[in-house]
Amino acid sequence: MPYTHYTIDERNALQSMIGMGLHKDTISVILGKDLSSVYRELNRNSSEGIYTGREAQYEAENRRREAKDRPKMEE
């Protein structure tokens, strides 16, 4: 399964499915993401045990913006 970042739509869907009480393995199948990716997303972007798609997107964008550029490898 190739790695892709979560989109805002996927984050909102994740928020809805968590709210409906779906199990994380079911959510991973529906979203087409690895189970560990769902757990990481929830752990990284939950605040006080509550996951909000909009807040998660905001935090992810901030992390990307603040990340340092890595130097390219020499050939």
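Condition first: open to solvent by less than 60 Å² (accessible area, probe 1.4 Å) and either at pLDDT below 95 or hydrophobic (A, V, I, L, M, F, W, C) (or both). Now tell me which residues in the stretch 22-35 satisfy that.
27, 31, 32, 33
Quick check on my filter: what residues within the stretch 56-75 are under 23 Å from residue 9 (Cβ atoms) and open to solvent by 100 Å² or more (accessible area, probe 1.4 Å)?
Passing the criteria: 58, 64, 65.
If you check residue 7 against the conditions, is it on the phi < 0 side of the Ramachandran plot and either touching a Gly at 6+ places or on another chain (Cβ under 8 Å) or modelled with pLDDT under 95 (or both)? Walk me through it before giving the result.
Numbers: on the phi < 0 side of the Ramachandran plot: yes; either touching a Gly at 6+ places or on another chain (Cβ under 8 Å) or modelled with pLDDT under 95 (or both): yes.
The answer is yes for residue 7.
List the pairs whose first member sits in the stretch 38-51 and is under 15 Å from residue 17 (Cα atoms) and open to solvent by less than 100 Å² (accessible area, probe 1.4 Å), whose second member is part of a strand (DSSP E or B) and not polar (S, T, N, Q), and whose Cβ atoms are under 7 Å apart, counting only residues at least 6 apart or on separate chains?
Listed by first residue and then by second, the contacts come to 42/51.
The values are calculated or read from the model by the stated rules, or taken from the named source; none is laboratory data. Keep in mind that this is a model prediction, so the values were computed, not measured. FYI the Cβ positions are ideal-geometry reconstructions off the backbone, even for glycines, and counts take in every protein chain you see. Calculation scope for accessible area: heavy atoms of the full protein, side chains included, ligands and nucleic acids excluded. Shrake-Rupley method; radii C 1.70, N 1.55, O 1.52, S 1.80 Å.
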